[in-house]
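Read through the structure below, which is laid out as structure tokens, and then see the notes.
The values are calculated or read from the model by the stated rules, or taken from the named source; none is laboratory data. A quick note: this is a predicted structure, and the numbers were derived from the prediction, not measured. Note that each Cβ is placed from the backbone with ideal geometry, even for glycine, and that neighbours are counted across all protein chains shown.
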Amino acid sequence: MSTDEARDEHDDAERPLPPSKDGGKGRQRTGSFLRETAILIGIALVLTVLIQTFLAKVYVIPSGSMEQTLHGCAGCADDRVLVDKVIYRFRDPSPGDVVVFRGPEAWTHNDFTAEHTDNPVVAAVQWLGSLIGLAQVDERDFVKRVIAVGGQTIRCCDARNRVLVDGKPLDEPYIYYVPGREPKTENFGPVTVPAGRLFVMGDSRLNSNDSRFQGGGGVNGTIAVTDVIGKARVIVLPPGRWGFISDHDPQLAAGGLALLWWRRRDWADSSLPV
């Protein structure tokens, strides 16, 4: 190889590569896209945590105690419900509200048992799943319907198997009795609900551990208003179950029926000759 050829080869080795046609913008765009995607995912997770902590959260219903208002049973698609966490900052729970609450110390019988794991990866996946309602709630969380509030006296039952609050029978169209079992609610009470507490029951009256039994029943079976997490508003999954959750007030409805009956009686009496 001549001296000139060796010099040309050396110059080629040190000569910088020609710039790419897009000036390296392709790599920049890829890096920027990945960064933006990571930021968006982080923001979405933060917003999800904030929303579900302070505004609303999706809960799984893993027990049959609220059938058929809410589905939850072995071998079936459990309902996912959206729970409103804001409403009770402005008012207390009312009769007929379906509420999710933290089980007090006296509530030792759980509607279900959540599966726990020591595997940090699995635990992280379960936590992420709980954010969007794909994992079960904690086993100390319950869902029931408010039947009586502080200051009211509740007992069961009258001759027509109706629960009474302050001596008046309730109108409860949401009650579900398990097929093949006697459709009769077990007698209890009377129980006067302390101020700031609630007497709650499941809609499936023969399949619910609620204020009638927890803590031995009576006052010990009531729950504190401060333990209420929120009001169950909407069934969000499965798709075939989409819909609002009834908050039918059994006391107002029963009172309205009684008032209507009295008005009809008065009208009938006024039509009679004096």
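Would you mind stating whether Gly31 is surrounded by fewer than 11 Cβ atoms within 10 Å (Cβ to Cβ), modelled with pLDDT under 85 and small (Gly, Ala, Ser)?
It is true that Gly31 is surrounded by fewer than 11 Cβ atoms within 10 Å (Cβ to Cβ), modelled with pLDDT under 85 and small (Gly, Ala, Ser).
When you check Val86 against the structure, is it within 14 Å of the chain's Cα centre (by Cα), modelled with pLDDT of 60 or more and over 22 Å from Gly240 (Cβ atoms), yes or no?
Here the answer is yes, as Val86 does meet what is asked.
Is it the case that Pro183 is at pLDDT below 90 and within 28 Å of Trp107 (Cβ to Cβ)?
Yes.
Name every residue in region 193-208 that is more than 13 Å from Met66 (Cβ to Cβ) and either small (Gly, Ala, Ser) or not in a loop (DSSP other than H, G, I, E, B) (or both), in order of residue number.
Ala195, Gly196, Arg197, Leu198, Phe199
Which of the residues spanning region 189-201 are at pLDDT 95 or above and either buried (at least 19 other Cβ atoms within 10 Å of the Cβ) or in contact with a Lys or Arg (Cβ under 9 Å, 6 or more places away or on another chain) (or both)?
Scanning region 189-201 gives Pro190, Val191, Val193, Arg197, Leu198, Phe199, Val200, Met201.
For Pro190, which of the numbered conditions (1) part of a strand (DSSP E or B); (2) under 30 Å from Arg80 (Cβ atoms) fails to hold?
The one condition Pro190 does not meet is (2).
Do any residues in region 95-117 that are within 21 Å of Arg80 (Cβ to Cβ) have Cβ atoms under 6 Å from those of residues that are assigned to a loop (DSSP other than H, G, I, E, B) and at pLDDT 85 or above, where the two are at least six apart or on different chains, and which pairs are they?
Asp97/Asp247; Val98/Ile245; Val99/Pro93; Asp111/Ser65
Find the residue count for region 184-219, including only residues that are out of contact with any helix residue (DSSP H, G or I) (no Cβ under 9 Å at 6 or more places or on another chain) and not β-branched (Val, Ile, Thr).
Here the count works out to 17.
Report, by residue number, each residue of region 159-188 that is within 17 Å of Gln251 (Cβ to Cβ), within 25 Å of the chain's Cα centre (by Cα), surrounded by 12 or more Cβ atoms within 10 Å (Cβ to Cβ) and not β-branched (Val, Ile, Thr).
Leu170, Asp171, Glu172, Tyr174
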